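First comes the structure, then the notes that go with it.
The values are calculated or read from the model by the stated rules, or taken from the named source; none is laboratory data. This structure is a prediction, so every number in the text was calculated from the model and none was measured. With ideal geometry, Cβ positions are generated from the backbone for all residues, glycine too; neighbour counts draw on all protein chains shown. Protein only, heavy atoms only, side chains kept; ligands, DNA and RNA dropped before computing areas. Shrake-Rupley method; radii C 1.70, N 1.55, O 1.52, S 1.80 Å.
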Amino acid sequence: MGVSMDTTNKEFLKEIIEKFDLTGNIISIELYGSGHINDTYLVTARGEGERRYIFQRMNTDIFQDTKALMENVTGVTNYLADKIRERGGDPMRETLHVIPLKTGESFYFGDGGCYRMYNFVEDAKSFDAVEKPEDFYESAVAFGNFQSLLSDYPADTLHETIPDFHNTGKRFETFLQAVQGNDRGRMMKAQTEISFVMNHEKDMTILTDMLSRGELPLRVTHNDTKLNNIMLDNTTHKAICVIDLDTVMPGLSLYDFGDSIRFGANTAAEDEEDASKASLDLNLYELYVKGYIEGCKGSLTDTELKMLPMGAKIMTLECGMRFLTDYLQGDVYFKVHKKDHNLIRCRTQFALVADMEKKWSEMEAIVEKYAKQYP
Ligand code: ADP
Ligand code: GN1
Ligand code: MG
């Protein structure tokens, strides 16, 4: 390459992007989105008209087997495209579509990373916070649908891209090691948060134990159902496309439900510096419960329905514990943009857990109400 190995240098990226089978000449490459994991760029190319693409440098520290990951993504997106076509939809908008290299492979490995390209979902937007409550309801129906669409997907062909991704008990063990190691000397500053985790030790394995006992089913799940991983149509505000498929793996529906609540029904942003602003918005929670149960179209078992509030609580606890672990380990996993970013994030999560505990009977009553309506 004629330029240095600075993987954010646009000339450098352009040479890589030109290896992909896109239409037209590249006219711009802009950093895009607010994900915590991949480096995402919006690429515009001009041929007869203008076309836009999403180009990503995948995080290979986190996703160590990118070949397996891309096999999952192409398998799932091809499957979804067929289903969307069958029902008369537009697969280029309603699912991600992998743009291959000119040589046919689904990704490029070399030049300091692992790179892939997707169609850009046009006339749609992903949100970092709920702006209109109806949008949150739409996202719930779409994530529920996504799960029911994938219910026939051959789960045994899926690779486990991150082993034990939502094994909360294992996450707790890793947390304990980070506390013991205290490699960055950050433990003193996080005493309150560490105690919060220790006081919740008994919660860690509730759902995974139920799975082991056969009381909860293993399903094909998304595993990262944040609001900004779904695209809403600019005009109709319908949720049209589920994105960020890197963690589609066998998992628990309750964690998918829980992650959406954790992120979207919190009255504060994930990284709000004043954690006292974090609480559970019961109206948003209710809308999501309604939408998710509808979207799953009767496929949730009675036990899954009953445990939905627990899914919300444990997912929030797990995520807070992951932020705290990363803080203690020196910010090696999540992208950070300011001092103590992971500690700040962990505080909002624990404040939300504490508020859920206060609102527990309301959370259960809301689930009961909709479980009865959509048996
Ligand atoms: P990360 O794993 O880092 O969260 P994502 O795949 O979620 O990466 O991408 C980050 C952001 O980029 C998304 O939240 C969304 O705003 C935007 N994005 C990703 N893929 C597309 C796409 N195909 N079309 C339009 N926007 C996209
Ligand atoms: C990461 O990739 P992104 O930003 O959508 C993370 C999720 C966390 C989330 C917290 C692969 O999601 O598990 O819940 O940050 N993804 C991965 O915001 O670890
Ligand atoms: Mg994302």
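Considering each residue of region 79-96, count those that are in contact with a strand residue (DSSP E or B) (Cβ under 9 Å, 6 or more places away or on another chain) and either among the aliphatic types (A, V, I, L, M) or within 17 Å of residue 222 (Cβ to Cβ) (or both), and give that number.
Residues that pass the stated criteria total 5.
With the structure loaded, tell me whether residue 345 is within 30 Å of residue 214 (Cβ to Cβ) and either modelled with pLDDT of 95 or more or outside any helix (DSSP H, G or I) (or both) or whether it fails that test. It would help to see each step written out before you state the result.
Numbers: within 30 Å of residue 214 (Cβ to Cβ): no; either modelled with pLDDT of 95 or more or outside any helix (DSSP H, G or I) (or both): yes.
In short, no.
Based on this model, can you work out whether residue 182 counts as within 26 Å of residue 71 (Cα to Cα) and either open to solvent by less than 60 Å² (accessible area, probe 1.4 Å) or hydrophobic (A, V, I, L, M, F, W, C) (or both)? Don't jump to the end; show me each part of the working.
Numbers: within 26 Å of residue 71 (Cα to Cα): no; either open to solvent by less than 60 Å² (accessible area, probe 1.4 Å) or hydrophobic (A, V, I, L, M, F, W, C) (or both): yes.
The answer is no for residue 182.
State whether the residues of region 72-83 include one that is among the acidic types (Asp, Glu), open to solvent by 40 Å² or more (accessible area, probe 1.4 Å) and not in a helix (DSSP H, G or I).
Our first condition is that a residue be among the acidic types (Asp, Glu); within region 72-83, this holds for 82.
Subsequent filtering for residues that are open to solvent by 40 Å² or more (accessible area, probe 1.4 Å) retains 82.
Subsequent filtering for residues that are not in a helix (DSSP H, G or I) retains none.
Checked region 72-83: no residue is among the acidic types (Asp, Glu), open to solvent by 40 Å² or more (accessible area, probe 1.4 Å) and not in a helix (DSSP H, G or I).
Within region 1-50, which residues are open to solvent by 60 Å² or more (accessible area, probe 1.4 Å) and in a strand (DSSP E or B)?
25, 27, 30, 31, 46, 50
Report, by residue number, each residue of region 79-95 that is within 17 Å of residue 148 (Cα to Cα) and touching a His at 6+ places or on another chain (Cβ under 9 Å).
Residue satisfying the conditions is 81 alone.
Looking at the structure I just gave you, is residue 93 among the basic types (Lys, Arg) and buried (at least 16 other Cβ atoms within 10 Å of the Cβ)?
Yes.
If we keep just the residues of region 287-313 that are charged (D, E, K, R) and touching an Asp or Glu at 6+ places or on another chain (Cβ under 9 Å), which is surrounded by the fewest Cβ atoms within 10 Å (Cβ to Cβ)?
Of region 287-313, the ones charged (D, E, K, R) are 290, 294, 297, 302, 304, 306, 313.
When the remaining residues are screened for being touching an Asp or Glu at 6+ places or on another chain (Cβ under 9 Å), the result is 306, 313.
Working: 306: 14, 313: 25.
The selected residue is 306.
All but one of (1) out of contact with any Leu (no Cβ under 9 Å at 6 or more places or on another chain); (2) modelled with pLDDT of 95 or more hold for residue 96; which doesn't?
It is condition (1) that residue 96 fails.
Scanning region 51-71 for residues that are in a strand (DSSP E or B) and within 11 Å of ligand 1 (Cβ to nearest atom), which turns out surrounded by the fewest Cβ atoms within 10 Å (Cβ to Cβ)?
At the first step, the residues of region 51-71 found to be in a strand (DSSP E or B) are 51-57.
Next, only the ones that are within 11 Å of ligand 1 (Cβ to nearest atom) stay: 52-57.
Values: 52: 15, 53: 20, 54: 20, 55: 23, 56: 22, 57: 20.
The residue in question is 52.
Hey, can you tell me all the residues within region 312-340 that are in a helix (DSSP H, G or I) and under 15 Å from the mean Cα position of the chain (by Cα)?
To start, the set of residues in region 312-340 that are in a helix (DSSP H, G or I) comprises 312-329.
Those that are in a helix (DSSP H, G or I) and under 15 Å from the mean Cα position of the chain (by Cα): 312, 315, 316, 318, 319, 320, 322, 323.
Filter region 197-237 for residues that are open to solvent by less than 40 Å² (accessible area, probe 1.4 Å), closer than 28 Å to residue 342 by Cβ and assigned to a helix (DSSP H, G or I) and give the result.
Those that are open to solvent by less than 40 Å² (accessible area, probe 1.4 Å), closer than 28 Å to residue 342 by Cβ and assigned to a helix (DSSP H, G or I): 197, 203, 207, 208, 227, 228, 229.
Six or more apart or on different chains, Cβ under 8 Å: which pairs go from a residue in region 111-129 that's under 21 Å from residue 259 (Cβ atoms) to one that's more than 9 Å from ligand 1 (Cβ to nearest atom) and of a type in the set (S, T, N, Q)? Could you list them?
124/234; 125/234
Being touching a residue at least 24 places away in the same chain (Cβ under 8 Å) and on the phi < 0 side of the Ramachandran plot is the requirement here; does residue 330 meet it? Working first, answer last.
Working: touching a residue at least 24 places away in the same chain (Cβ under 8 Å): yes; on the phi < 0 side of the Ramachandran plot: no.
Considered against the rule, which asks whether it is touching a residue at least 24 places away in the same chain (Cβ under 8 Å) and on the phi < 0 side of the Ramachandran plot, residue 330 comes out as no.
Right, residue 250: part of a strand (DSSP E or B) and more than 16 Å from ligand 1 (Cβ to nearest atom) or not? Please lay out each step first, then the result.
Working: part of a strand (DSSP E or B): yes; more than 16 Å from ligand 1 (Cβ to nearest atom): yes.
Yes, satisfied.
Do you know which of the residues in region 32-46 that are more than 10 Å from ligand 1 (Cβ to nearest atom) and out of contact with any Leu (no Cβ under 9 Å at 6 or more places or on another chain) is farthest from residue 17 (Cα to Cα)? Explain how you work it out, then say what you get.
Within region 32-46, the subset more than 10 Å from ligand 1 (Cβ to nearest atom) is 43-46.
Narrowing further to those that are out of contact with any Leu (no Cβ under 9 Å at 6 or more places or on another chain): 44, 46.
Details: 44: 11, 46: 14 Å.
Ranking the candidates gives 46 first.
Scan region 226-246 and give yes if some residue there is within 16 Å of ligand 3 (Cβ to nearest atom), at pLDDT 95 or above, under 16 Å from the mean Cα position of the chain (by Cα) and on the phi > 0 side of the Ramachandran plot, otherwise no.
Checked region 226-246: at least one residue is within 16 Å of ligand 3 (Cβ to nearest atom), at pLDDT 95 or above, under 16 Å from the mean Cα position of the chain (by Cα) and on the phi > 0 side of the Ramachandran plot.
With respect to residue 149, is the statement that it is part of a loop (DSSP other than H, G, I, E, B), more than 16 Å from ligand 2 (Cβ to nearest atom), more than 20 Å from residue 331 (Cα to Cα) and aliphatic (A, V, I, L, M) true? It would help to see each step written out before you state the result.
Details: part of a loop (DSSP other than H, G, I, E, B): no; more than 16 Å from ligand 2 (Cβ to nearest atom): yes; more than 20 Å from residue 331 (Cα to Cα): yes; aliphatic (A, V, I, L, M): yes.
Against the criterion (part of a loop (DSSP other than H, G, I, E, B), more than 16 Å from ligand 2 (Cβ to nearest atom), more than 20 Å from residue 331 (Cα to Cα) and aliphatic (A, V, I, L, M)), residue 149 does not qualify.
Could you tell me whether any residue of region 241-264 is open to solvent by 60 Å² or more (accessible area, probe 1.4 Å) and among the polar types (S, T, N, Q)?
Narrowing region 241-264 to residues open to solvent by 60 Å² or more (accessible area, probe 1.4 Å): none.
So far as region 241-264 goes, no, none of its residues is open to solvent by 60 Å² or more (accessible area, probe 1.4 Å) and among the polar types (S, T, N, Q).
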